[in-house]
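Presented below is the structure to which this report refers.
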Amino acid sequence: MPAEETAVETRGLEPVPDGERGGRVRELIPTWVAANISVLLLTMGAGLVIFNKLNIWQVLVVAVAAPAVSYGLVGLISIAGKRGGAPGMALSRAVFGQRGNLFPGALIWVARWGWETINAVSGAYAVLTVLDLLFGIKSNTALIVVTLLFFVGCTFVVSGLGIKALRVCSTWSTYLFGAFSVLVLGYLLFTTDWSAVLGKPAGSTAMMVAGIGTIAAGGISWVPSGPDFTRYLPRTASAKGVVGATIGGAGVVVLPMVLMGAVMAVGTPDLAGTQDPVSFIGELLPTWIAVPYLLIALLGMLLINSMSMYSAGFTAQTLGIRVPRAWAVSVNAVISLVFGFLLMVVATSFFGSFISFLTLLAVAFSAWIGVFGVDMLRRTSYDGPALLDTTRTSAYWYRGGFAWQAMTAWGLALVVGTLFTKVDWFTGPLATTWIGENGLGWVAGILTSGALYAVLPRTASPAPAEPEPAAGREPAGTLSI
């Protein structure tokens, strides 16, 4: 039975055979809608007004440009999924080499810990807010632990089931969240002081550009995962359709959510500075809207984390962890629990921690994006057996398991991006330059890695060596060191 058709997806890194590719491009729309159903977008929209000092028209520009740029990149890299039929970080072996891929793979895997922790915390806060609104139960340390366990446990189940479960949940959450978002939008339309919203003076262009980077960072974090959700598409699926569905699915959520957050911030100036990024919804909306809206948003945040853990399972397998994908996600689940507890109980500023994380996340992912993107322009197919062969016989072994051109471009781009970056606890030496002031360190990372990889000599795939004895060959998903 095809791996996708069973209740639990059993396929790991191995490419999907052409005969099992029954997916459709339009199925990507609810996937990327679900990837953005998070009340954090409201908080980020508020941050554009409160911290970046933007007016509503500048926020509109940010809300349109950010998903177009970030999910445009997601869509473009997703094309590799239908070409190779394998997860993004497995295809990355063809670019960096079997051993070389361990380095960007490990960094991306660690970065997912933070993203999953942020979403776990947001989901736990949503549960706590609902309990307070309905039953008057106030938050305490024991309840925080229980809600985190509940949220992460549900995430583990959905992500463990695989692509089919994610598609079903994404479709229904899209309908429900869309309906209630229209309801919230209507409520704000009739209760907002629009003279205050429209009368707010404009902020600087630099802060608007930086705002685009902040909102786009969430989308950029999905770029390496894009192929994970297109690997079941036929090779003949429209590349333009993939990009369009990805941008459209994300944009239809990001645009109204960011704008609603900005509108809310005018009447609630302490919104973006709160430690709890969710409870304000119960203060601004009547209970009969706030409770179902939070419950649906909770489902959305659960799906975001499920999608992230789904991809993290593949990444863990590319690092040589010898467990099925469904169990590989358990590592990230445990990490989300531990870090989530620290963020909810120990950290003093959720929003500051969140923005710092997003900034560093974009830099970490941008170096990989530039190299992988340029490589996509050079190749139209991937060698499936070579992707899984982690021994010296692999066509993707290159020199000692490393593609030095890709590794050089990636490493230097990481350094360049970091030099232009400024967060709460770190300031790069070039953060005060025009690039740094405009929050474009991630763009510098993409351009640096892409340009370097393009001009360096192309990596030659050597002829496979003589096969090693059967006893010396490792199973797919492990690495010969």
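The values are calculated or read from the model by the stated rules, or taken from the named source; none is laboratory data. Everything numeric in this text was worked out from a predicted model, so none of it was measured. Note that each Cβ is placed from the backbone with ideal geometry, even for glycine, and that neighbours are counted across all protein chains shown. Note: accessible area is taken over every heavy atom of the protein model, side chains too, but ligands, DNA and RNA are not part of it. Shrake-Rupley method; radii C 1.70, N 1.55, O 1.52, S 1.80 Å.
Quick notes on this structure:
- Amide H contacts for ARG399 (H built 1.01 Å from N in the peptide plane; partners 5 or more residues away or on another chain; cut-off under 5 Å): TRP404.
- Reachable lysines from LYS82, criterion Cα separation under 18 angstrom, eight or more residues apart if same chain: LYS164, LYS240
- Across the stretch 448-453, coupling constants 3J(HN,Hα) worked out from phi with the 6.51/-1.76/1.60 Karplus curve, θ = phi - 60°, read 5, 5, x, 5, 4, 5 Hz, and Gly and Pro carry x.
- On full extension, the segment bounded by LEU412 and GLU283 gains 41.7 nm, given 0.36 nm per residue less the C-alpha separation.
- Its relative contact order, with pairs defined as Cα atoms under 8 Å and 6+ residues apart, puts the stretch 27-455 at 34 percent.
- The stretch 27-455 - accessible surface per residue (Å², probe 1.4 Å): 35
- Backbone N under 19 Å from the TRP57 label point (7 Å along Cα→Cβ), restricted to the stretch 179-220: 194-212
- Accessible-area composition of the stretch 27-455, carbon plus sulfur, in percent [1.4 Å probe]: 73
- Rounded to whole numbers, the Karplus 3J(HN,Hα) couplings from phi for the stretch 292-303 are x, 5, 5, 5, 5, 5, 4, 4, x, 5, 5, 5 Hz, using 6.51 cos²θ - 1.76 cosθ + 1.60 with θ = phi - 60°, and x at Gly and Pro.
- The alpha carbons of the stretch 27-455 stretch over 65, 45, 42 Å along the principal axes, in descending order.
- In this structure the amide hydrogen of VAL423, modeled in the peptide plane, comes within under 5 Å of the amide hydrogens of GLY428, none closer than 5 places in sequence on its chain.
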